[in-house]
Amino acid sequence: MATDYPVNSADVLPEDFMSWANESYELAITYVYPGFVTRETPSTEYQITAKPVLTAHMMLGAARLANLIESIYG
């Protein structure tokens, strides 16, 4: 996954929790909510569109967590 979804170190934004939250909110309203219907299985099209966004954001979250752990424990 790291090869397919590399993280730009400038995007880690160490300990900028408000930016992380705002970024997640924007992704949610742009990619998650449109096309999602409660109590229905997401369509194949929805899944194809959402999966790369989810995977890239998971990798970014992992990099941010690693950075935070490093800053706490050295």
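Results for (1) out of contact with any strand residue (DSSP E or B) (no Cβ under 7 Å at 6 or more places or on another chain); (2) at pLDDT 95 or above; (3) of a type in the set (Ser, Thr, Tyr); (4) outside any loop (DSSP other than H, G, I, E, B), shown as yes or no for each residue.
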| position | (1), (2), (3), (4) |
| --- | --- |
| GLU15 | yes, no, no, no |
| SER19 | yes, yes, yes, yes |
| THR30 | yes, no, yes, yes |
| PHE36 | yes, no, no, no |
| GLU40 | yes, no, no, no |
| GLN47 | yes, no, no, yes |
| PRO52 | yes, no, no, yes |
| ARG64 | yes, yes, no, yes |
| ILE69 | yes, yes, no, yes |
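Right, SER19: under 13 Å from the mean Cα position of the chain (by Cα) and loosely packed, with under 12 Cβ neighbours inside 10 Å or not? For SER19, the condition - under 13 Å from the mean Cα position of the chain (by Cα) and loosely packed, with under 12 Cβ neighbours inside 10 Å - is met. Any residue in segment 29-44 that is surrounded by 10 or more Cβ atoms within 10 Å (Cβ to Cβ), of a type in the set (A, V, I, L, M, F, W, C) and under 15 Å from LEU65 (Cα atoms)? Looking for residues that are surrounded by 10 or more Cβ atoms within 10 Å (Cβ to Cβ), of a type in the set (A, V, I, L, M, F, W, C) and under 15 Å from LEU65 (Cα atoms), one finds none in segment 29-44, hence no. On the given criteria, is ALA2 without any contact (Cβ under 8 Å) to a residue 40 or more places away in the chain and either at negative phi or of a type in the set (Lys, Arg) (or both)? It is false that ALA2 is without any contact (Cβ under 8 Å) to a residue 40 or more places away in the chain and either at negative phi or of a type in the set (Lys, Arg) (or both).
The residue pairs whose first member lies in segment 6-24 and is on the phi > 0 side of the Ramachandran plot, whose second member is surrounded by 14 or more Cβ atoms within 10 Å (Cβ to Cβ) and among the hydrophobic types (A, V, I, L, M, F, W, C), and whose beta carbons are closer than 8 Å, counting only pairs six or more residues apart or on different chains, are LEU13/TRP20; GLU15/LEU68. Restricting the search to segment 22-74, which residues are among the small types (Gly, Ala, Ser) and within 13 Å of the chain's Cα centre (by Cα)? Within segment 22-74, SER24, ALA28, ALA50, ALA56, GLY61, ALA62, ALA63 meet the criteria.
The values are calculated or read from the model by the stated rules, or taken from the named source; none is laboratory data. Everything numeric in this text was worked out from a predicted model, so none of it was measured. Glycine also receives a Cβ, built like all others from the backbone with ideal geometry; neighbour counts cover every protein chain displayed.
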